[in-house]
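The values are calculated or read from the model by the stated rules, or taken from the named source; none is laboratory data. Predicted model only: the values in this text are computed from it and were never measured. Here the Cβ positions follow ideal geometry from the backbone for every residue, glycine too, while neighbour counts run over all protein chains shown.
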Amino acid sequence: MTKPGPRPAAPAHHRNTVLVWAVAALVLAAVVVLGAVRTVAPTDRAFLTKDFLTSDFLTASQQAPSPSAGAPAPPPAAVDLAAGIQRIIGEHPDHRIGVAVMDTRDGQLQSYGDVAPYTAASTAKVLTAAAYYHLVETGDKSLDTPLGAFNAAFQLKAMINASNNDAWLLLMQDIGYPNLTAYAATLGITYDPEKNLIAPPDMARLLTQLATGKLLNADHTAELLGYMQHTNDENLIPAALAPGITVHHKYGVVLGYVHDAALLSAGDRSYAVVIYTWGPNDADSAARLDLIHDLTHQVTGALFGQ
């Protein structure tokens, strides 16, 4: 039997045809894979959209930024401010006590106790100062106007920082009582200079408008607030504040009435806090100071956690 010899090699054109089909198969496979990738990608990106990240599928803790991302500090622990103030009021049945707290950021007002109008004593001097500065800004008055032995600028500082009553009378007379009442009305405040009656919430509104620059221009706002620091009597609200709380205030004391009206701020929180009291004991008694301090501690504990 004759042994078969080696098989002849495939023709060159047949080898080329095989290579062409192999390449075509690879290209087709790549197209299929690429098409699959392009089809899946948009669905994957949908998981990163804002709508998805804020959906109900995520818990509140997952949505909140982490502390390392510069998130604001958490608010102070909740304190029942209403219950605390009512407790203090209940401990002083022979006193009138009214407390008003207004958040200067959103104007939210909280009122406690008797918030009907009180004899405002010297706290109303802030309203007189604002009215006079307003007339200066409208060109109707000048800080250089002679009033008494000095000018209006001197009397404004004396009225607020040293609570000088002569300066107060000179400024009110220069404004005119009807004009002062009318100015208060434009601020949403009811005030009669003859009776000197103001409700705690109205005083809180006045302080809030001052703090937020809605009353006066920047220079006059800064000047008036400056006079409300380091006054000649820091024994009421300022004496009961924890370190780190900034205070601008105007106190008032007359015939059994002891008041303090303050702007308190710490960090990014700022509030107008007004405490009005009347009682049968002496206005400057230790018992009345303790009452003001107890109310201040209750309020700042709720607002600032201290």
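Give the residues of segment 131-161 that are in contact (Cβ under 8 Å) with a residue 40 or more places away in the chain and in contact with an Asp or Glu (Cβ under 9 Å, 6 or more places away or on another chain), sorted by residue number.
Tyr132, Tyr133, His134, Leu135, Leu156, Lys157
Within segment 141-183, work out how many residues are part of a helix (DSSP H, G or I), farther than 16 Å from Tyr227 by Cα and either β-branched (Val, Ile, Thr) or not assigned by TED's automatic domain parsing to the domain that holds Val126 (or both).
Count: 2.
What are the residues in segment 195-224 that are of a type in the set (A, V, I, L, M, F, W, C) and either in contact with a Lys or Arg (Cβ under 6 Å, 6 or more places away or on another chain) or buried (at least 18 other Cβ atoms within 10 Å of the Cβ) (or both), if any? Please lay out each step first, then the result.
Taking segment 195-224 first, the residues of a type in the set (A, V, I, L, M, F, W, C) are 197-199, 203-204, 206-207, 210-211, 215-216, 218, 222, 224.
Within segment 195-224, Ile198, Ala199, Met203, Ala204, Leu206, Leu207, Leu210, Ala211, Leu215, Leu216, Leu224 qualify.
Please work out if Ile189 is touching a helix residue (DSSP H, G or I) at 6+ places or on another chain (Cβ under 6 Å), assigned by TED's automatic domain parsing to the domain that holds Ala222, among the β-branched types (Val, Ile, Thr) and not in a loop (DSSP other than H, G, I, E, B).
Values: touching a helix residue (DSSP H, G or I) at 6+ places or on another chain (Cβ under 6 Å): yes; assigned by TED's automatic domain parsing to the domain that holds Ala222: yes; among the β-branched types (Val, Ile, Thr): yes; not in a loop (DSSP other than H, G, I, E, B): no.
No; evaluated as a whole, the condition is false for this residue.
Can you run down the residue pairs with Cβ atoms below 6 Å, 6 or more apart or on separate chains, where the first is in segment 98-112 and closer than 20 Å to Arg87 by Cα and of a type in the set (Phe, Trp, Tyr) and the partner is at pLDDT 95 or above and not in a loop (DSSP other than H, G, I, E, B)?
From segment 98-112, the pairs are Tyr112/Ile85; Tyr112/Val99.
Exactly one of (1) surrounded by 23 or more Cβ atoms within 10 Å (Cβ to Cβ); (2) of a type outside the set (A, V, I, L, M, F, W, C); (3) in contact with a Ser or Thr (Cβ under 9 Å, 6 or more places away or on another chain) is unmet by Pro238. Its number?
Here Pro238 meets the rest and fails (1).
Restricting attention to segment 111-140, which residues are assigned to a loop (DSSP other than H, G, I, E, B), over 22 Å from Val253 (Cβ atoms) and acidic (Asp, Glu)? If you could, list the steps in order and put the result at the bottom.
The first filter runs over segment 111-140 and keeps only residues assigned to a loop (DSSP other than H, G, I, E, B), leaving 114-117, 120, 138-140.
With over 22 Å from Val253 (Cβ atoms) added as a condition, the list becomes 138-140.
Answer for segment 111-140, where residues must be assigned to a loop (DSSP other than H, G, I, E, B), over 22 Å from Val253 (Cβ atoms) and acidic (Asp, Glu): just Asp140.
In the list Thr300, Thr277, which residue meets the criterion of being within 17 Å of the chain's Cα centre (by Cα), surrounded by 20 or more Cβ atoms within 10 Å (Cβ to Cβ) and at pLDDT 95 or above?
Values: Thr277 fails: within 17 Å of the chain's Cα centre (by Cα).
Sole residue among the options that is within 17 Å of the chain's Cα centre (by Cα), surrounded by 20 or more Cβ atoms within 10 Å (Cβ to Cβ) and at pLDDT 95 or above: Thr300.
For the condition surrounded by 16 or more Cβ atoms within 10 Å (Cβ to Cβ), closer than 21 Å to Gln110 by Cβ and over 22 Å from the mean Cα position of the chain (by Cα), what is the one hit in His249, His293? Don't jump to the end; show me each part of the working.
Working: His249 fails: over 22 Å from the mean Cα position of the chain (by Cα).
Testing whether each residue is surrounded by 16 or more Cβ atoms within 10 Å (Cβ to Cβ), closer than 21 Å to Gln110 by Cβ and over 22 Å from the mean Cα position of the chain (by Cα) leaves just His293.
Which one of these is under 27 Å from Val273 (Cα atoms), surrounded by fewer than 18 Cβ atoms within 10 Å (Cβ to Cβ) and within 24 Å of the chain's Cα centre (by Cα): Asp94, Asp103? Please lay out each step first, then the result.
On the way: Asp94 fails: within 24 Å of the chain's Cα centre (by Cα).
Checking each option against the conditions leaves just Asp103.
Pairs, please: C-beta under 8 Å, at least 6 apart or cross-chain, first residue part of a helix (DSSP H, G or I) and in segment 287-306, second at pLDDT below 95 and among the hydroxyl-bearing types (Ser, Thr, Tyr)?
Final answer for the pair search is none.
Table: residues versus (1) part of a strand (DSSP E or B); (2) of a type in the set (Val, Ile, Thr).
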site: His230; (1), (2): no, no
site: Asn235; (1), (2): no, no
site: His249; (1), (2): yes, no
site: Val253; (1), (2): yes, yes
site: Ser265; (1), (2): yes, no
site: Val274; (1), (2): yes, yes
site: Thr277; (1), (2): yes, yes
site: Asn281; (1), (2): no, no
